[in-house]
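Working notes, beginning with the structure itself.
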Amino acid sequence: MVSDMRSGERYAERMTLPLAGWLAVIVIAVIAAALSNLGDMRWWRVTASLVILVAPVVGAWWLSRLRVSVVEADGEVWLHVDDAMLPMSAVAEIEVLEPVAYSDALGVALHPLTFVVQRPWINRGLRIVLDDPEDPTPSWVIASRRPERLRDALAPALEGRSASPSGPRG
């Protein structure tokens, strides 16, 4: 698990649900719980109402826990998305996706082996094209509220590598 503060961290973002989303989840949970009980206070209806009340809130919290960070460790820059890690040495290109391009990137033309991390309440992100012949994953598409800052945190490692003499990587 990635800690909240880490030495060498260049960027960190949590994909939290916005306040309006939390309000909607709570209102829908309360209404569903009230309708499931209908004033009958038998223990199984009260228990079902509590489950119906708590489950959407726990689900929304679980979806909001995802963390994206850029960490420099042992001279290598890594992109961490939840528990997935990508070294910048395997990256060929980074592209910021604005809302329309992001939507298109997630559409039917998306390669089936693309690694995708998205949340419906975030409409922007990055496409990271990989350059690793041993990895079948062609790219990553990652949601981000601040894709320019995420790209800027990743770009120096990519620029530093491309400035080095080209040749086979071993």
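Taken together, the values in this text are just the output of simple stated rules run on the coordinates, not laboratory data. All of these numbers come straight from a predicted model, not from anything done at the bench. Note that we place each Cβ from the backbone using ideal geometry, even for glycine, and neighbour counts take in every protein chain shown.
Values computed for the structure shown
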| read-out | value |
| --- | --- |
| Relative contact order [Cα under 8 Å, 6+ residues apart], the range 72-163, whole percent | 31 percent |
| MRE, 222 nm, helices only [DSSP H, n ≥ 4, -39500 (n - 2.57), over the chain, to nearest 500] | -12500 deg cm²/dmol |
| J(HN,Hα) series, the range 106-118, from Karplus relation 6.51 cos²θ - 1.76 cosθ + 1.60, nearest Hz, glycine and proline x | 8, x, 5, 7, 4, 4, x, 9, 5, 7, 10, 10, 9 |
| Whole-Hz couplings from phi, Karplus 6.51/-1.76/1.60, listed for the range 121-131; x for Gly and Pro | 8, 10, 10, 9, x, 10, 10, 10, 8, 8, 10 |
| Of the DSSP H helices in the chain, those whose Cα atoms cover at least 15 Å axially and whose Kyte score averages -0.5 or more | 19-37, 43-64 |
| Order by protection proxy (mean Cβ within 10 Å, highest first), peptides 56-62, 151-157 | 151-157, 56-62 |
| Length-normalised contact order for the chain - Cα pairs under 8 Å, 6+ apart - percent | 21 percent |
| Calculated Rg/Rh (Cα atoms, Kirkwood Rh) (choose from [x] 1.12; [y] 0.94; [z] 1.01), label | [x] |
| Candidates VAL108, VAL54, VAL25: whichever shows maximal mean-square fluctuation once the chain is modelled as a Gaussian network with Cα springs under 10 Å | VAL108 |
| Nonlocal amide H pairs with LEU97, under 5 Å, H built at 1.01 Å | GLY125, LEU126, ARG127 |
| Long-range HN-HN contacts of TYR11 with modeled amide H, under 5 Å | VAL70 |
| For VAL91, distant residues with modelled amide H under 5 Å away | ASP131 |
| Among VAL71, VAL116, VAL46, residue whose mean-square fluctuation peaks in a GNM of the chain (springs only between Cα atoms under 10 Å) | VAL46 |
